[in-house]
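The values are calculated or read from the model by the stated rules, or taken from the named source; none is laboratory data. These figures come from a predicted structure and were not determined experimentally. A quick note on method: Cβ atoms are made from the backbone with ideal geometry, for glycine too, and the neighbour counts reach across all protein chains shown.
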């Protein structure tokens, strides 16, 4: 039987030591919780208040030592842990300043290294923890750093995965035939990221090449046909006479249009580059649709030019015909009718074989039908080369027959009942008391019950449109001059208002205005004719396809039907090169149609100079406006009205914004008294194009359909244009009207414009105005490398000379900054200074040399 170990006898000394150490711990801890008078206060302020965190750890440490002694536990491990804990607390004292020692250490560290000084206690704390855990130095820091780097890497890969998944999802929607893209977007993981990115890059490059190939395949072989057409139209038509002049005018116009089409084909044939990215593919697809539409349009234009050239070639055989046949051919050319039949050459030979009396018998029957042709000859007289005459309505297409009134009344009654039922369903008390049918919309008049708010009717626009099965309705509340609310509903079948109907209307025939314009047909059926001289300028805006270009043709044609070239001149600016070029060559033009945007700014500045010239002429005779001036000087020196038409203002504002805006503002503010008026059109009704200064000086507005209410407010300063239905549906507003008026602009076809322009081209007269003033509207032209002419009337020329002499060198950019002008204007001033001998020639990137002194400057400007 094993012997039992003798029980350890309690060591009374260890117990006494434990009790003593525990009592000391309690003695140190008691002042924190019990009121201990002066000694406790001294201990809290000097022991805890000085050491801070290490002092708070001391009483628990003494309790642990006392417990270990009572339990006869080894003290060495415990003392090691307690020592390291106190050392860790001491290193953290600057970060947790619970006492004056910690505050002092923290201030010392911040004074030496700022906030970075607090990293030292963290570094020491990590070393103590490494020692505590028996790890090598900096093990804890390196471990935390590795974990942080790994976390950042994982987050980065997760974000890249999400973004790549979104790109793949968008590509899957863009290319639905590639079903693997959708599956890949669902199962993509961060581990597959590098391989997927590589494969996706190859996919994008392949799709980009495929899209570039499709863009190149859209090109059509139109250039050879156009080259052949240009070659056929290249040489002037030989001969002389009215028929030859009319044919030559048309040949020149066709040649100009063919050259413009060739320039467009050159731009279309440039191979576009597609960026191998999602954004690049989207842009490339949009470009593909645009190129396809542009090629379709170019093919249509070429086909039209070939057809017109073929029609023109039919009349070449009449150049050698008899004068009577040539005159009939000229009339057929101007009116667009069939040319006469040329008598056969076999007719003259029987004449000598027959007896002389028989010849006389053959001659007498021919004059008999001539009195029947007297009426056509009277109509033909104005188109002769030797005289001027106004166009006649027979050059226009006749108006369309009206629809049956019975069917229209039944349709209006059905709509009236649907409107009344919809209002009843929504609890709105209003009665449909009447309607007026216009060309495009029908306006139903609603009479609200007493106490019924108009705003309730306005809030039902979408519900009314749904109930009536139309795209949109417009509410006019109230109708000016009435106590009813107007509900404008688009007609199921629109009525075509031709320009001939407007020209033959009493409103236009009896118009007393100086510059009457046909604006359109109102809902009540009234033809609106307003005087441009009273507007005095007109701003037209609307999106593509809304009828803006047709409206411009209508306005121009209105003026041509009322004025000869002696009383009205036109300055046409057409950056699109296709809308106003049909008027090329008519005698009303003060210069050829301006089609280059970079040339238009100079032409507008020339118009400003011409306006100032008119003011000088008026001041010499004491006239305050053009009417007084023409009455005083007589018909020989009378000045015509001048209407400046700009078809696309946005294109000009992008090319030379400062010069174009300043010229338009000068003309809009001052040109009215001189008989000069502006008609500006744009398809971008944005505030950077229609600036506040332009809108203030051009109060008359004609707005077509736009995409948003914001665009409508930009044009009209009110909403409404976003509800228009396009194709000539417009809102007109000018000072004096309580609200914009809805009009349907008359339609005039390209064939009608061509017939009218051909009629006017056949007229000629002694153009004194062009001889005297046409140079005002010519932009400055200087060959490359040559110095331009000096315009001593330029107000900035002297100031530019003073600047270069003062600074000792000539720089275009310096003039641009000092004078606050555009680069083109500053370059013209520098060329003028070179022509005057003030500065030397250009020296590449170096400034020009100044050739005169400040004293010699007086010899140039006095």
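Among the residues of this structure, residue 670 counts as one that is surrounded by fewer than 17 Cβ atoms within 10 Å (Cβ to Cβ), at pLDDT 90 or above, farther than 19 Å from residue 595 by Cα and in the same structural domain as residue 578 (by TED's automatic domain parsing).
Checked against the criterion of being modelled with pLDDT of 90 or more, in contact with a helix residue (DSSP H, G or I) (Cβ under 7 Å, 6 or more places away or on another chain) and closer than 18 Å to residue 550 by Cα, the stretch 470-490 has no qualifying residue. Only residues that are modelled with pLDDT under 90 and under 30 Å from residue 501 (Cβ atoms) were counted across the stretch 759-768, and they come to 3.
Of the residues that make up the stretch 144-156, is at least one in a helix (DSSP H, G or I) and touching a helix residue (DSSP H, G or I) at 6+ places or on another chain (Cβ under 7 Å)? No. Residues in the stretch 406-451 that are under 20 Å from residue 725 (Cβ atoms), in contact with a helix residue (DSSP H, G or I) (Cβ under 9 Å, 6 or more places away or on another chain) and either touching a residue at least 60 places away in the same chain (Cβ under 8 Å) or not in a helix (DSSP H, G or I) (or both): 415, 419, 435, 437, 442, 444. None of 78, 83, 38, 53 is without any contact (Cβ under 8 Å) to a residue 12 or more places away in the chain and within 20 Å of residue 127 (Cα to Cα) except 83.
Hey, among the residues in the stretch 723-742 that are in a loop (DSSP other than H, G, I, E, B) and touching a strand residue (DSSP E or B) at 6+ places or on another chain (Cβ under 8 Å), which one's surrounded by the fewest Cβ atoms within 10 Å (Cβ to Cβ)?
735
Mind listing whichever residues of the stretch 203-242 are out of contact with any helix residue (DSSP H, G or I) (no Cβ under 8 Å at 6 or more places or on another chain), part of a helix (DSSP H, G or I) and farther than 22 Å from residue 292 by Cα? The answer is 205, 228, 231. Of the helices (runs of 4 or more DSSP H) lying entirely inside the stretch 789-850, those carrying at least 2 residues that are surrounded by fewer than 16 Cβ atoms within 10 Å (Cβ to Cβ) and touching a residue at least 40 places away in the same chain (Cβ under 8 Å) are 797-807.
Against the list (1) within 18 Å of residue 560 (Cα to Cα); (2) not in a strand (DSSP E or B), the condition residue 517 fails is (2). If I filter the stretch 521-529 for residues that are more than 25 Å from residue 761 (Cα to Cα), in contact with a helix residue (DSSP H, G or I) (Cβ under 9 Å, 6 or more places away or on another chain) and not in a strand (DSSP E or B), do I get at least one hit? Yes, because at least one residue in the stretch 521-529 is more than 25 Å from residue 761 (Cα to Cα), in contact with a helix residue (DSSP H, G or I) (Cβ under 9 Å, 6 or more places away or on another chain) and not in a strand (DSSP E or B).
In the stretch 588-600, the qualifying residues are those that are under 17 Å from residue 761 (Cβ atoms) and out of contact with any helix residue (DSSP H, G or I) (no Cβ under 6 Å at 6 or more places or on another chain), and the one that is surrounded by the most Cβ atoms within 10 Å (Cβ to Cβ) is 588.
Test residue 756 against the stated conditions and say whether it is surrounded by 15 or more Cβ atoms within 10 Å (Cβ to Cβ), modelled with pLDDT of 85 or more and closer than 22 Å to residue 642 by Cβ. So residue 756 passes the test. Looking at this structure, is residue 496 within 24 Å of residue 646 (Cα to Cα) and under 33 Å from the mean Cα position of the chain (by Cα)? Criteria not met by residue 496.
If the condition is being surrounded by fewer than 23 Cβ atoms within 10 Å (Cβ to Cβ) and under 14 Å from residue 532 (Cβ atoms), then the stretch 641-666 contributes only 641. The number of residues in the stretch 263-304 being in a helix (DSSP H, G or I), touching a helix residue (DSSP H, G or I) at 6+ places or on another chain (Cβ under 8 Å) and farther than 18 Å from residue 582 by Cβ comes to 13. Of the candidates 281, 254, the single residue that is within 24 Å of residue 171 (Cβ to Cβ) and buried (at least 17 other Cβ atoms within 10 Å of the Cβ) is 281.
Yes/no matrix, rows are residues, columns are (1) surrounded by 14 or more Cβ atoms within 10 Å (Cβ to Cβ); (2) more than 43 Å from the chain's Cα centre (by Cα); (3) modelled with pLDDT under 50:
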| position | (1), (2), (3) |
| --- | --- |
| 360 | no, yes, yes |
| 378 | no, yes, yes |
| 394 | no, no, no |
| 399 | yes, no, no |
| 428 | yes, no, no |
| 436 | yes, no, no |
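Applying the selection to the stretch 598-625, what residues are touching a strand residue (DSSP E or B) at 6+ places or on another chain (Cβ under 7 Å) and either over 21 Å from residue 647 (Cα atoms) or modelled with pLDDT of 90 or more (or both)? Matches in the stretch 598-625: 603, 607, 611.
Of everything in the stretch 803-841 that's at pLDDT below 80 and out of contact with any helix residue (DSSP H, G or I) (no Cβ under 8 Å at 6 or more places or on another chain), which residue is farthest from residue 605 (Cα to Cα)? Only one residue tops the list, namely 817.
Quick one: would you say residue 771 is modelled with pLDDT under 75 and either touching a strand residue (DSSP E or B) at 6+ places or on another chain (Cβ under 6 Å) or not in a loop (DSSP other than H, G, I, E, B) (or both)? Yes: the conditions hold for residue 771. Among the residues of the stretch 476-497, is any in contact (Cβ under 8 Å) with a residue 12 or more places away in the chain, over 30 Å from residue 423 (Cα atoms) and out of contact with any strand residue (DSSP E or B) (no Cβ under 9 Å at 6 or more places or on another chain)? No: the stretch 476-497 contains no residue that is in contact (Cβ under 8 Å) with a residue 12 or more places away in the chain, over 30 Å from residue 423 (Cα atoms) and out of contact with any strand residue (DSSP E or B) (no Cβ under 9 Å at 6 or more places or on another chain).
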